[in-house]
Structure formats: structure tokens, C-alpha cells
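The values are calculated or read from the model by the stated rules, or taken from the named source; none is laboratory data. Owing to the predicted nature of the structure, the values given are computational and were not obtained by experimental measurement. Note that each Cβ is placed from the backbone with ideal geometry, even for glycine, and that neighbours are counted across all protein chains shown. Ligands, DNA and RNA are stripped out before the accessible areas are found, and what is left, the full protein with its side chains, is counted by its heavy atoms. Shrake-Rupley method; radii C 1.70, N 1.55, O 1.52, S 1.80 Å.
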Amino acid sequence: MAALRRILQLAKPGEAARAQGWVSSVRKMKKWAFADITDGSSVEPLSVILTPDQAAKLSTGACVDIRGQVKESPKGATQAVELHADSVKLLGEADSTYPLQKKYHSREFLRQFPQFRWKTRTAAQVLQYRSFAIKQLTDFFNENDVVQVNSPILTSSDCEGAGEVFGLEKSLDFFGKQAYLSVSSQLHLEVYCAALARVWNMTPAFRAEASDTNRHLSEFWMVEAELAFLDSLAELTGFCEQMVKATTPTGSIKHSILASKRDQEARDRLEQRWDTLAGKWTTMTYTDAVDFINAHGTKVSTAKWGDGLSSEQEKFLAGTLGTPVVVTDYPTEIKPFYMKASSSQTVACFDILIPDVGELVGGSMREDNYEKLLANLEKYDMNPESMSWYTDLRKYGSFPHGGYGLGFERLVMYTCGLDNIRDATGFIRGFGQLPC
Ligand code: 4AD
Ligand code: MG
């Protein structure tokens, strides 16, 4: 068992090799047959040369186990080597009703087949990137002494206080107690942070927003970090910037994402996106962002101080500046109870906005004063008793801290050049969509 990528990259002419995978296309001629075999490990398929007999039962979608000799590919081929089959074992056949055939399938078309859609070599690269990015994030956090922890998915609180929580189906009842699917693990992360000082996790988050857009899912993955002993919001945003930069594709994943694009224009656009993430970022306050939008945004609606920025305004801001934009100090009224004040009307928070997508990250310094936090709970109509497990962190050994959450599928969408967040997640759980 070895990834086909290994044969394509490492096998030398003359060597014996074994290829296990799925047929992405097969051409049967009089004397020879040619099959492309894939296992999602690279965009390029492995070309296999067979006799007509060996190829008799092969068709697109079939699963095969082929042993043979590696030979140099003929001039002009994209791959350095090909496999000349000695033996072919058909592990699983696929008849002509198999919906993916050798032609271009749009991502919309593929979404109709949750059971097959990752089998196209180009779609598989999105999953390869997800895996790469998780490794990069893990390495980044390890290098910075941030401990990976695990937070619960069932919770008794609505972290964001926006009421966009899914309750449990069984009459919203968890053995007699109201339970929700977590919208963010932040509050639980703060508990870990009060013990280990620097923690992170990556967990599913659930939002019952009725948002049928290209950047909203009902279930998505969030990468969250919570850091103690921060001297300023800038320290937190600087750390987050370094984290995001660590996910820029390099090495073979860079090659395969580029190769998964259909034309040079798409490849150029993608590299431009990566350069944007890797380049210089802009930081401005919410107040300056509102002014900027109103001064330059002839095609977007007017921003009104006190309102949240719309996704059009977010995209306009980042798109016009051509950089990721860290927008800080939003109005208190539109932000959750746990944020620390930065003035009488604003909180020490930030959103990271990126071109084409809008909000990628949301974070803040946390209110660490016990009395002020209790007052916030009251103001937001939240029950202080049920939150005592959280407010206790301010009662005993309170500490300056802050954190953030990054929407992982939004990052994948941006980095892989996808237009729709549905193509960045393994199984779509979106507004009204639960296909399997
Ligand atoms: O801005 P949000 O709501 O922040 C929080 O939940 C904080 N408690 C995180 C923290 O400080 N630990 O969500 C964080 C990010 C957003 O910036 C966005 O990228 C993503 O999660 N996100 C979504 N992604 C896909 N579909 C949705 N419905 C999303 N809602 C938020
Ligand atoms: Mg947000």
C-alpha cells in the first residue's frame, strides 16, 4: 500500500511497482489499452499501459490493483514515468451508470454526489490542502508553546449570545437541562487558558443562521486560540497574522493546488491570493473603516457607525486595499458580552477581513474584571448563575487574556481559489442542506 504520488515522483524506470486506485479514464485500442489511475494523492494520474485483455473489465470509477514495470513516459507526457501492467486485479467494478465520467465536472454538478465528489483529482486537492493546513497550524502552535486541547460540542451556553444556536432535537432537553450545539468553544478554552496559559483547538462549530450565502455553513470547523498575559490587542493580532501566514501552501501541495486549476489565469489569481496573505497587512479601527468605506465606496452601501459591516463592505475594504485588513475596536453594542472595553463605546476586538471572502477571523481581549463581567451579563440578559463556572475565572486568579476564532472553511475557500464555501467542506451542512 503506497500512495500513487510516490510512484509518480520516486519510482525509477526498470523498477517493479504496484498501483492501487480508481480508474479515472480508460482508452481501449486494438493492441493496447491506456488507463489513468488515481488515488487523490496527486493531481496527475498514473498512466498504465495494458493489453486489451487486461483492460477488458476496466471502466471509469472501477477500483484496481495493478502490478507492473515502471518505464519512462514517452516524450511530451506530463508524468516522468508510466506503469506497464503485468497483472491486473479488478477489486470493484463500476458500470456506465457511474455519474463521474472523463470530462470536466463543475463543482455545482459534483455537489449532487456527496458520495463521489471527492473522487475527482482536482477536488481531492482541497482535502489535501485541509490536511496540510492542519499540520502547519499544529506546527505553528507547537513552536509557540500553545497546547492543543479538546473542547465539548454539547454546551449549556450560547457563547456569542446571538441566539443562532441549534438546540438538541429531543425537546431541547439534555437529561432535563437545556443543551446546545456549540457555536464556539471560546468559553471552554478560557478555562483551559486559565490553567495552561496558551491553548488552541480545532472543533466543529454550529450556527443556526438562516444565511444562504457562499460563505456560510451551518456546521464548520473553527480554529481557536486563547492566550494569557497579552500586553495588548496588537500582540494578539500579530500572533494571529503569523498563524494565518503559516498556512500558505508550499512544496508539493502548492504544486498540486496550482495544477488542479484549469488555466493559467486561474493559477495567476491563486498565486496572487497567496501573495496577499503572505504580504503586508493593514490595521485600522472600525471607525476608520467606516470612514474609508464612505469616502471610497461608491458601489457599496453607506456604512453607519454602530452597525456591523456587511459582507459587501468587508470585501470592498479588503479588496480595495488589496491586503488582509485587521479591523479593531468595534462598537460595544454589536459585540458579545465577554469582550473587554477599549473606550466608553468600543471593545478591544478585531476582525480579519480578506479580499473576496470578507471576515476570516474574529477575536478580542476578554473582560477580566469580575464586577464588569457580571454587569455585562446583566446587560445582555444572561443568567449569571448558569455562567458562574465562567465568571469564577475572574473571581479567582483573574488574568489578562484574549483569543480568536478562524473559520477554517473560509481559509480553505480563499487559499484553494473556490467561489463557494460548500466546496471547502467534506460534507455540506448549510442553510437547509443536509444531503447525507
Ligand atoms: O466571529 P465569530 O462568531 O467569533 C467567535 O465565535 C469567537 N467566539 C471566536 C473566539 O474568539 N474564540 O466566528 C469566528 C469565525 C468567523 O470569523 C468566520 O470566519 C467563521 O468563524 N464563521 C463561519 N464560517 C462559516 N460559516 C458560518 N456560518 C460562520 N460563522 C462564523
Ligand atoms: Mg465575527
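Quick notes
- Sequence-distant residues sharing a close amide H with Cys159 (under 5 Å, placed H): Val183, Ser184
- Point-to-point label distance, Tyr396-Thr78, nm (Cα→Cβ direction, 7 Å offset): 6.1
- Net +/- balance of residues flanking Gln272 in space, Cβ distance below 12 Å, scoring K and R +1, D and E -1: -2
- Span from the segment 350-374 Cα centroid across to the segment 72-92 one, whole angstrom: 53
- The amide H of Ala341, built 1.01 Å from its N in the peptide plane, has Ala348 as neighbours under 5 Å, considering only residues 5 or more places off or on other chains.
- Amide H within-cut-off set for Asp86, under 5 Å, with H built and near neighbours excluded: Arg67, Gly68, Gln69
- Percent accessible area from carbon and sulfur atoms, segment 375-436, protein chains only, probe 1.4 Å: 53
- The HN-Hα couplings worked out from phi for segment 186-198 by the Karplus form 6.51 cos²θ - 1.76 cosθ + 1.60 (θ = phi - 60°) are 3, 5, 6, 4, 4, 5, 4, 4, 5, 10, 10, 6, 9 Hz, whole numbers, x standing for Gly and Pro.
- Segment 216-243-segment 396-428 distance, computed between alpha-carbon centres (Å): 10
- If R0 equals 45 Å, the separation of the Cβ atoms of Thr320 and Lys30 corresponds to a calculated FRET efficiency of about 0.15.
- Viscosity 1.567 mPa s, temperature 4 °C, Stokes-Einstein D of segment 95-178 from Kirkwood C-alpha radius, µm²/s: 73
- Between the listed residues Ala56, Gln178, Asn294, the Cα displaced farthest toward the positive end of the dipole of the chain, a dipole computed from Cβ unit charges relative to the Cα centre, is found at Ala56.
- This model, with +1 at the C-beta of Lys and Arg and -1 at the C-beta of Asp and Glu, gives the chain a dipole about its Cα centre of some 2440 debye.
- Farthest toward the positive end of the dipole of segment 11-117, out of Ala11, Val43, Ser96, is the Cα of Ser96, where the dipole comes from beta carbon charges about the Cα centre.
- Farthest towards the positive end of the charge dipole of the chain, among the residues Gly397, Met382, Cys436, is the Cα of Cys436, using unit charges on the Cβ of Lys, Arg, Asp and Glu.
- Cut-off 10 Å between beta-carbons: net charge of the residues surrounding Ala2, Lys and Arg +1, Asp and Glu -1: +2
- Over 27 Å (Cα to Cα) - which of Lys28/Lys119; Lys135/Lys261; Lys315/Lys372; Lys30/Lys71; Lys103/Lys135 fall in this group: Lys315/Lys372; Lys103/Lys135
- Between Trp305 and Lys71, the contour length at 0.36 nm per residue exceeds the Cα-Cα span by 77.6 nm.
- Among the listed pairs Lys245/Lys304; Lys304/Lys395; Lys57/Lys254; Lys177/Lys379; Lys31/Lys89, those whose Cα-Cα separation exceeds 28 Å are Lys245/Lys304; Lys304/Lys395; Lys57/Lys254.
- Largest mean-square fluctuation among Val126, Val361, Val191, in a Gaussian network model of the chain whose springs join Cα atoms under 10 Å apart, belongs to Val191.
- Modelled spin-label separation between His296 and Ala210, with each label point placed 7 Å from Cα along the Cα-to-Cβ direction: 3.5 nm.
- Phi-derived couplings, Karplus 6.51 cos²θ - 1.76 cosθ + 1.60 at θ = phi - 60°, listed residue by residue for segment 426-436: x, 10, 6, 10, x, 3, x, 10, 9, x, 7 Hz, with x used for Gly and Pro.
- Under the Karplus curve 6.51 cos²θ - 1.76 cosθ + 1.60, θ = phi - 60°, whole-Hz ³J(HN,Hα) for segment 65-81, x wherever Gly or Pro sits: 10, 10, 10, x, 10, 7, 10, 5, 6, x, 4, x, 6, 6, 9, 6, 10
- Cα-only radius of gyration and Dmax that characterise segment 212-371, units Å: 17.1, 59
- When the chain is treated as a GNM with alpha-carbon contacts under 10 Å, the residue of Ser182, Ser364, Ser344 showing the greatest mean-square fluctuation is Ser344.
- The length gained by stretching the chain between Ala2 and Ala197 to full extension, at 0.36 nm per residue less their Cα-Cα distance, is 66.1 nm.
- Potential lengthening between Glu265 and Ala375 on full extension [0.36 nm per residue; Cα-Cα distance subtracted]: 34.2 nm
- Mean accessible surface per residue for segment 241-328, computed with a 1.4 Å probe while every protein chain stays in place, in Å²: 50
- Dipole magnitude of segment 330-436 about its Cα centre (Cβ charges: Lys, Arg +1; Asp, Glu -1), debye to nearest 20: 180
- Ligands, DNA and RNA left out, the 1.4 Å accessible surface of segment 38-111 is 50% carbon and sulfur atoms.
- Histogram of C-alpha separations across the chain, 10 Å bin width, %: 4, 19, 26, 22, 14, 10, 5, 1, 0
- Spin-label zone in segment 201-242 - amide nitrogen under 20 Å from a point set 7 Å from the Cα of Ile334 along the C-beta vector: 208-217
- Calculated [222 nm] ellipticity per residue, helices only, for the chain: -9000 deg cm²/dmol; basis is -39500 (n - 2.57) per DSSP H run with n ≥ 4, divided by all residues, nearest 500.
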